[in-house]
Amino acid sequence: MLTKILLLEDDLLFGESIVDVLEEEGFEVTLCRNGQAALDETYKNRFDLYLLDINVPLIDGLSLLQELRRADDTTPCIYLSSHQEIETLTKAFEIGAEDYLKKPFDTDELLIRIHALLRRSKGKVRHCAGELCLDETHKCVLMGGRELSFSLKEYQLMALFIRNAGEIVTKETIMDTLWTPSEMISDGAIRVYINRLKQEIGSELIVNIRGVGYRLVP
């Protein structure tokens, strides 16, 4: 699955030159020329990395990232900007940026920083079991690169199985993960969610350990 990058840059010529460099490196890039367009793209697509200029029309790059972080979007971000004031740099990191590269910059340095950041990010937030991958940055589960459609509780249950792939997950653990102690939960309710997962990933991948719980076959 290609790594997807959102690039926010209002200078069309410069933006297209960066797109060319990134696509040659094997990335899938979406170029936006104003902050509102970039925000709209984050609603429609899931990205692995944001590359953001600061002085752009409609919504500036700092305000955009601030809004995304308030919405619990933890996608890694690198600012590409001509700003060099310490106040701007400080604010960029305070609102959740991981890196900052001052224009003009060498594209080789940009690629080095991108690869380093993606390695760190994927190591922290992605767990895989066979074709199944749990992406904790975007709060989704993928199978063979395709995002699966789950409700919140279904996602929580699938995440529990992927983190414990090959091991027995007891019914008690499932209850503690999906429901509060005050909620009345039956074995039948658990089976409903298990059956829903099986419909999405295949019944053979979740094994019933009679009287104990379930196991995801990695």
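The values are calculated or read from the model by the stated rules, or taken from the named source; none is laboratory data. The model shown is predicted, which means the values in this text are computed figures rather than measured ones. Positions of Cβ are generated from backbone atoms using ideal geometry, with glycine treated the same way; all protein chains shown enter the neighbour counts. Side chains included, ligands, DNA and RNA excluded: accessible areas come from the protein's heavy atoms. Shrake-Rupley method; radii C 1.70, N 1.55, O 1.52, S 1.80 Å.
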#### Entry: Correct choice for Cα extents along the principal axes in Å that was computed from the model, options [x] 63, 38, 25; [y] 55, 37, 34; [z] 68, 45, 32
[x]
### Query
So how long is each side of the stretch 1-118 along the principal axes, counting just the alpha-carbon atoms, biggest first, in Å?
33, 31, 26
### Query
Rg (Å, one decimal) plus Dmax (Å, integer) for the alpha carbons of the stretch 55-171?
17.9, 56
#### Entry: Solvent-accessible area per residue for the stretch 121-218 (1.4 angstrom probe, square angstrom)
55 Å²
### Message
With a cap of 16 neighbouring Cβ atoms within 10 Å, and only residues DSSP puts in a loop, list the chymotrypsin sites (Phe, Trp or Tyr not before Pro) found in the stretch 117-218.
### Response
Trp179
### Task
Using the charge dipole of the stretch 20-94 (Lys, Arg: +1 at Cβ; Asp, Glu: -1 at Cβ; taken about the Cα centre), state which of Ser63, Leu51, Val21 has its Cα farthest towards the positive end.
Ser63
#### Entry: Cα shape, the stretch 1-57, gyration tensor, a/c 1.5 rule
oblate
### Message
Counting only pairs 8 or more residues apart or on different chains, how many lysine pairs in the chain have their Cα atoms under 17 Å apart?
### Response
11
### Query
So how much slack lies between Arg191 and Ile86, counting 0.36 nm per residue of separation and subtracting their Cα-Cα distance, in nm?
32.2 nm
### Query
Once you measure Cβ to Cβ distances between cysteines in the chain, which Cys have no partner under 4.7 Å?
Cys32, Cys77, Cys140
### Query
Given a Förster radius of 45 Å and the C-beta distance between His127 and Asn55 as r, what FRET efficiency does 1/(1 + (r/R0)^6) yield to the nearest 0.05?
0.75
### Task
Estimate the FRET efficiency between Asp40 and Arg163 by the formula 1/(1 + (r/R0)^6), using the beta-carbon distance for r and 30 Å for R0, to the nearest 0.05.
0.35
### Summary
Stretched fully, the stretch from Phe105 through Val21 gains (0.36 nm per residue minus C-alpha distance, one decimal, in nm) 29.0 nm
#### Entry: Computed over the stretch 39-92, Cα set: Rg, Dmax in Å
11.2, 34
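When ligands, DNA and RNA are left out and all protein chains stay put, how many square angstrom of accessible area per residue does the stretch 1-88 have with a 1.4 Å probe?
Values: 4270 Å² over 88 residues.
Value returned for the stretch 1-88: 49 Å² of accessible area per residue.
Give, rounded to the nearest 20 debye, the magnitude of the charge dipole that the stretch 1-116 has about its Cα centre when Lys and Arg contribute +1 at Cβ and Asp and Glu contribute -1 at Cβ. Don't skip to the end; give the middle numbers.
On the way: 10 positive and 25 negative charges, 75 e Å.
Dipole size: approximately 360 debye.
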### Query
Measuring from centroid to centroid over Cα atoms, what is the spacing of the stretch 164-218 and the stretch 14-50 in Å?
38 Å
### Query
What part of the accessible area of the stretch 130-195, given as a whole %, is carbon or sulfur when the probe is 1.4 angstrom?
51 percent
### Task
With runs of 4+ DSSP H residues as the only contributors, calculate the mean residue ellipticity of the chain at 222 nm using -39,500 (n - 2.57) per run, divided by the residue total and rounded to the nearest 500.
-13500 deg cm²/dmol
#### Entry: Protection-proxy order for peptides 75-84, 163-172, each taking the mean of Cβ atoms within 10 Å per residue, highest first
75-84, 163-172
